[in-house]
Amino acid sequence: MRAAVFEKPGLENLKVTADAEEPKLTDHDVLIKVKTAGVNPIDQSVVSGSYPASPMPHIPGAEIAGTVDRVGNHVQGLKIRDRVVVYNKLFDGTCDMCLNGSENTCRNGGLIPVTANGGFAEYVAVPQQNVFKLPDDISWDVAASLPVTGLTPFHALMEASLRINEDLVVFGASGNTGMIATQIAKKMGAKVIAVSREEEWTKEFGADYVISDYGKVPEHVREITHGKMADVVLNSIGAKVWDSSFASVGMNGRLVTFGVLTGPEVNLNIRSLYLKQIKLIGSTGGTRAELRELIDSSAKDLKVKVLKRFGLEDVKEALQALSAKDREGRILLDV
């Protein structure tokens, strides 16, 4: 089968071959013919070696959408040609986290495509418990954005307990997770203040206000909220906007974060933290129940802006495009 494979870390070592071994199925696995794969920062980390990958040789690809090609002997509820997406968190189902419905924090888990091969290939085999059927009215672009780009901000907003009529500030609102967060928050009834240089299309995605000046975000938030500041701030960018995101949180507000694209180390003003009773929330991935809810309740209304799409043979260029300065929109692989 055709696949993007590397035997040692480094983008220069990523090769597209027609001779990759087709995945073998266990009784509980599903073989998926990949239609569209999202290109995600996870894939950059895997290819670069920041996330040690196994097995080797290795196939990246964290966001997978396609159709069922074959099923294991004990698989039920799925049939050939069903449209599906892959929940990319591998979990044991027996630890205390899993038993409480938090598979995303499984104590013994892994991640597709870190501890298992991913979807930059014609076919991928995954456990049935990681496969979710899709309605026909969800586009492949949205489907390939659900497992990580969609589920991550959905879980973050759930962790932040975003409520109707609350003010939400989304940093990087025109990025992968930001564009989905904006749409989900509007569906939840919040007022969305988007921080983005792309004012026109960010508003088309549901933002009530757009702040394009990253240097004066707290000042604009103060003006928009008449001094109250934000109830919830979502920082998916990391250290570069930490001070601005923290300063934008109002009394009893919540700051939720899940990204370190601009660095993981920050300074924290503890006095402001306790005087304003700010809650700091770390969020990672999402649960299977949340992915099911996202598919059933929101996915058909979601849209994604695709900056560029590539074929599998151009996977290197796709990964490089992900790091382009001021990238606005998704990079997708049509496998």
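Counting only strands (runs of 3 or more DSSP E) that sit completely within region 78-179, those holding 2 or more residues that are within 19 Å of residue 260 (Cβ to Cβ) and assigned by TED's automatic domain parsing to the domain that holds residue 216 correspond to 167-171. When 309, 292 are checked against the criterion of being surrounded by fewer than 22 Cβ atoms within 10 Å (Cβ to Cβ) and either of a type in the set (A, V, I, L, M) or farther than 30 Å from residue 11 by Cα (or both), a single residue qualifies: 292. When region 259-284 is examined, which residues are found to be under 28 Å from residue 86 (Cα atoms), modelled with pLDDT of 95 or more and touching a helix residue (DSSP H, G or I) at 6+ places or on another chain (Cβ under 8 Å)? Result: 281, 283, 284.
Is it true that some residue in region 57-64 is surrounded by fewer than 20 Cβ atoms within 10 Å (Cβ to Cβ) and modelled with pLDDT under 95? So far as region 57-64 goes, no, none of its residues is surrounded by fewer than 20 Cβ atoms within 10 Å (Cβ to Cβ) and modelled with pLDDT under 95. Comparison of 210, 217 shows that the only residue that is surrounded by fewer than 24 Cβ atoms within 10 Å (Cβ to Cβ), in contact with a Ser or Thr (Cβ under 7 Å, 6 or more places away or on another chain) and part of a strand (DSSP E or B) is 210. Determine if region 285-299 includes at least one residue that is outside the structural domain of residue 132 (by TED's automatic domain parsing), modelled with pLDDT under 95 and out of contact with any Pro (no Cβ under 9 Å at 6 or more places or on another chain). Looking for residues that are outside the structural domain of residue 132 (by TED's automatic domain parsing), modelled with pLDDT under 95 and out of contact with any Pro (no Cβ under 9 Å at 6 or more places or on another chain), one finds at least one in region 285-299, hence yes.
The values are calculated or read from the model by the stated rules, or taken from the named source; none is laboratory data. Here the structure is a predicted model, which means the values were calculated and not measured. Methodologically, a virtual Cβ is constructed for each residue, glycine included, from the backbone with ideal geometry; neighbour enumeration extends over all protein chains shown.
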